[in-house]
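Structure record follows, encoded as structure tokens.
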Amino acid sequence: MTAGVAGLSVVDLREVALGLGDDCLVLSHRLAEWTTHAPELEEEMALANLALDLLGQARSLLTLAGEADGRDEDQLAYWRDDRDFRNLLLLEQPNGDFAVTMTRQVLFSTFQELLYRGMAAGTEPRLAAIAAKGVMEARYHVEHARLWVQRLGRGTEESHRRMGQALDLLWPYTQELFKPTESWSRAADQGAVPPLSSIEEPWRHSIESLMVDSGLEIPGFPAWQSGGRLGRHSEHLGHLLAEMQHLHRSHPNASW
Amino acid sequence: MSHSEDWPLWEVFLRGRRGLSHQHVGSLHAPDPELALQNARDLYTRRGEGVSIWVVRSTEVHASDPDDQGPLFDPPSDKAYRHPTFYKVPEDLQL
Amino acid sequence: MPPTNSDESRDLAFQEAIDADRTVEPRDWMPERYRSTMVRQIAQHAHSEIIGMQPEGNWITRAPSLRRKAILLAKVQDEAGHGLYLYAAAETLGVGRGELTELLITGRQKYSSIFNYPTLTWADVGAIGWLVDGAAITNQLALTKTSYGPYARAMVRICREESFHQRQGFELLAELSRGTRAQHEMAQDAVNRWWWPALMMFGPPDSESPNTAQSMAWKIKRVSNDDLRQRFVDMTVPQSRALGLDLPDSQLRWNEARGHYDFGPIDWEEFRQVVGGHGACNAQRIAVRRAADEGGAWVREAARAWEVRQQSRTSAA
Ligand SMILES: [Fe+2]
Ligand SMILES: [Fe+2]
């Protein structure tokens, strides 16, 4: 296997970038679905900013992932089927209500910020550059989602109830965040990305203290769902991709 | 139904770059100061304008009288006590 | 001593100030009709920005490249921002956003009827940017000099942000026009459908526009409907040639004597039908807005309740 800059193989670099890029692309799509449906116009702006930040990250990561075999961001986004997507299951879950959307956001963005921090200090310069920019954005996403989780958790009886339901709904997908693929483990050995075990503790700490602050309880049942990183998705992703890809695929040789 | 339930209004002030003072750029609605700051960032700095944001509850802004006191403009009604007609006195009294 | 307070002399003084190009600010006295006209116009403009997010928003999740998706998302987000600036301008006249939203979703206030047309293909996104934003900019540039200060300032900010909206639409259509045959046809079809409604955006002809005279006198409106429409046509015809797309009007030709393009008659019956609620998407547009408003009520309520609790906690401490 050809060695990359930091001794990271081309295949491992591609797998790592693809996983992170698909995370951003799929979550960006979900957030963009909120357009014209947000609970207040100010939040319309905020959700669009989250979606735009993540779309920007997705484009950088997919461009990097496609470099090795000469595929550009659009070929990767529009010409892979769901079994070839590497995103976390958590991110393809439907938006549900605003409670589900903000809960998903805080679970993921907290993870992403920690991951980017490690990666920004890592040995693979292009991954590090993307992470250094992304970490500022992730920080903001975390702040925004935390403010909302607190307010909804302690707001009204109804908002509290909805937050409880959201947490129960999404909690099963959280263990997958910390399950490394083989590529990830090798990249971590090379110092290009942080070992996922190293960010699990700080993540758990951050989420637990937020939930305590917000008067919410983390479910007692185990978080066992996984498979997204290996291309084993929920039914939701197929529909998401059908919508996202249909126009592009209807005009195979067109440029836009 | 919803109009009495609007979130409070906030005035947004932006420092364009270091060395400049904060300038009023507009307003927005938010339930509290923290979200007001975030909303201000989303609304007024998404093209990279500004390095520092202030938000002030609109009800906390106290305004002076309008500069123009030409015939067109009435005296502001919020300081009616400055005007003699504000005070009721018996009609037959000379004050 | 009650000074020259009769309505007539006030009205006269107000008109003199307007004639001297003085900007009206929120705390100034103004005739009741000026105020209500201003509220109605700003509100209608704000509603148009917000409802206007829907036809283009319809294509965000299907945008055919990631670059286009980012551009479209940013553009639709801008329109939300424009709505916010305008609702804030209306608020300086003492009318809250919730109150105006209520008037919109109960059909008591209007928005630009252009947004009651459907976006059938991706090319519609380009046609909207090029023609609808183009027409809106023509209109809004004139409004940067409107007499009510907060409205004029909102327009300045909006015009600055609008500059990329029309360009991205033009670029999108240019790409389609010189693309595959199917893409070119898609672009032409979209222009065919959006051209006439875009011309209607400037409102009825001056001869049938009863409010125009007063609005012009108060300098709420600085240029008449017909003049703005002509300005738009003159600007757009050369652009259509650069795009390699036809405008669907056989009577469109340069008039040397007038120094303007002549164009064919507008179907004002269609305009009346769409304004009257019988466009393809009127009900749908309002239903979406209503659903967002009602569906978000519990969120807004929760945030308020949280803040009230915070306040009482800090005051108790
Ligand atoms: Fe706009
Ligand atoms: Fe626009």
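So the values come out like this:
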{"read-out": "Among the candidates A:Gly155, A:Gly164, residue that is open to solvent by less than 10 Å² (accessible area, probe 1.4 Å), free of Cβ contacts under 8 Å to residues at least 60 places away in the same chain, closer than 30 Å to C:Glu307 by Cα and not aliphatic (A, V, I, L, M)", "value": "A:Gly155"}
{"read-out": "Identity of the residue in segment A:57-92, of a type in the set (Gly, Ala, Ser) and more than 14 Å from chain C (Cβ to nearest Cβ), that ends up farthest from A:Ala129 (Cα to Cα)", "value": "A:Gly70"}
{"read-out": "Unmet criterion (only one of (1) closer than 28 Å to A:Arg249 by Cα; (2) away from ligand 2 (no atom under 12 Å from the Cβ)) for C:Glu91", "value": "(1)"}
{"read-out": "Considering residues of segment C:47-64 that are of a type in the set (Gly, Ala, Ser) and open to solvent by less than 10 Å² (accessible area, probe 1.4 Å) only, the residue nearest to ligand 1 (Cβ to nearest atom)", "value": "C:Gly52"}
{"read-out": "Residue ID - nearest to C:Gln188 (Cα to Cα), chosen from residues in segment C:272-291 that are open to solvent by 40 Å² or more (accessible area, probe 1.4 Å) and away from chain A (no Cβ under 14 Å)", "value": "C:Ala280"}
{"read-out": "Lone qualifier among C:Gly126, C:Gly169 - being away from ligand 1 (no atom under 16 Å from the Cβ), open to solvent by less than 10 Å² (accessible area, probe 1.4 Å) and assigned to a helix (DSSP H, G or I)", "value": "C:Gly126"}
{"read-out": "Qualifying position, being within 16 Å of the chain's Cα centre (by Cα), open to solvent by less than 10 Å² (accessible area, probe 1.4 Å) and without any contact (Cβ under 8 Å) to a residue 40 or more places away in the chain, among A:Ala131, A:Ala145", "value": "A:Ala131"}
{"read-out": "Which listed residue, of C:Thr212, C:Thr144, is free of Cβ contacts under 8 Å to residues at least 60 places away in the same chain, open to solvent by less than 50 Å² (accessible area, probe 1.4 Å), within 16 Å of ligand 2 (Cβ to nearest atom) and not hydrophobic (A, V, I, L, M, F, W, C)", "value": "C:Thr144"}
{"read-out": "Qualifying residue in segment A:83-91 (condition: farther than 26 Å from A:Arg204 by Cα and not in a helix (DSSP H, G or I))", "value": "yes"}
{"read-out": "Whichever residue in segment C:86-101 is in contact (Cβ under 8 Å) with a residue 60 or more places away in the chain and open to solvent by less than 10 Å² (accessible area, probe 1.4 Å) and, among such residues, is farthest from the other protein chains (Cβ to nearest Cβ)", "value": "C:Leu86"}
{"read-out": "Subset of segment C:147-158 [within 12 Å of ligand 1 (Cβ to nearest atom), over 17 Å from C:Ser215 (Cβ atoms) and either among the basic types (Lys, Arg) or without any contact (Cβ under 8 Å) to a residue 24 or more places away in the chain (or both)]", "value": "C:Arg157"}
{"read-out": "Among (1) farther than 25 Å from B:Tyr44 by Cα; (2) more than 16 Å from ligand 1 (Cβ to nearest atom), the one test that C:Pro26 misses", "value": "(1)"}
{"read-out": "Meets criteria (within 16 Å of ligand 2 (Cβ to nearest atom), open to solvent by 50 Å² or more (accessible area, probe 1.4 Å) and within 14 Å of another protein chain (Cβ to nearest Cβ)) for C:Arg160", "value": "yes"}
{"read-out": "Yes/no for C:Gln41 being under 27 Å from C:Ser215 (Cα atoms), modelled with pLDDT of 95 or more and assigned to a helix (DSSP H, G or I)", "value": "yes"}
{"read-out": "C:Arg10 away from ligand 2 (no atom under 16 Å from the Cβ) and within 13 Å of chain B (Cβ to nearest Cβ)", "value": "yes"}
{"read-out": "Top-ranked residue of segment A:210-256 - restricted to ones that are among the polar types (S, T, N, Q) and without any contact (Cβ under 8 Å) to a residue 24 or more places away in the chain, ranked as surrounded by the fewest Cβ atoms within 10 Å (Cβ to Cβ)", "value": "A:Asn253"}
{"read-out": "Segment C:102-123 - residue that is away from every other protein chain (no Cβ under 12 Å) and among the charged types (D, E, K, R) and, of those, nearest to ligand 1 (Cβ to nearest atom)", "value": "C:Lys110"}
{"read-out": "Members of segment C:172-196 found to be outside any helix (DSSP H, G or I) and touching a residue at least 60 places away in the same chain (Cβ under 8 Å), listed by number", "value": "C:Arg178"}
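The values are calculated or read from the model by the stated rules, or taken from the named source; none is laboratory data. All figures in this text were calculated on a predicted structure; none of them were measured in a lab. Backbone-built Cβ (ideal geometry, glycine too); neighbour counts: all protein chains shown. For accessibility, only protein heavy atoms count, side chains too; no ligands or nucleic acids. Shrake-Rupley method; radii C 1.70, N 1.55, O 1.52, S 1.80 Å.
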